[in-house]
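Let me begin by presenting the structure, written as structure tokens, before commenting on it.
Throughout, read-outs are computed from the coordinates displayed, never taken from laboratory work. Values in this document were obtained by computation on a predicted structure and should not be read as measured data. Please note: Cβ atoms are built from the backbone with ideal geometry, for glycine as well, and neighbour counts cover all protein chains shown.
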Amino acid sequence: MTERQILAKIEDYMKKHNLRQWEFAKKIGVPDGTLNRWLRERSNISKAYLKILKKEGVI
């Protein structure tokens, strides 16, 4: 799965569950600034956070 596909899944999850960025960031335990950088494609998602996203059922 590419980074862009993961980001699309994050965006879909946020829409489906009616979550704002800060709410989703809090849910997965990431600073909201980090989530914002991911969504703007200014930073890559680390393997540790990929595991959390899988655990939460996002990807």
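Counting Lys and Arg as +1 and Asp and Glu as -1, what is the net charge of the other residues whose Cβ lies under 15 Å from the Cβ of residue 35? Local charge sum for residue 35: +1.
Net charge dipole, the chain: roughly 100 debye, given to the nearest 20, about the Cα centre with Cβ charges of +1 for Lys and Arg and -1 for Asp and Glu.
Treat each spin label as a single point 7 Å out from the Cα along the C-beta direction, and report the residue 26 to residue 3 distance in nm. In this crude spin-label approximation the distance works out to 2.8 nm.
Helical content alone sets the calculated 222 nm signal of the chain at -19000 deg cm²/dmol, taking -39,500 (n - 2.57) per DSSP H segment of four or more residues and averaging over every residue.
Across the range 40-55, coupling constants 3J(HN,Hα) worked out from phi with the 6.51/-1.76/1.60 Karplus curve, θ = phi - 60°, read 8, 6, 9, 8, 8, 7, 6, 4, 4, 6, 4, 5, 5, 4, 5, 4 Hz, and Gly and Pro carry x.
Does the chain come out rounded, prolate or oblate by the C-alpha gyration tensor, with a ≥ b ≥ c the root eigenvalues, rounded set by a/c under 1.5 and, if not, prolate when a/b is larger than b/c and oblate if not? Judged from the Cα gyration tensor, the chain comes out rounded (a/c under 1.5).
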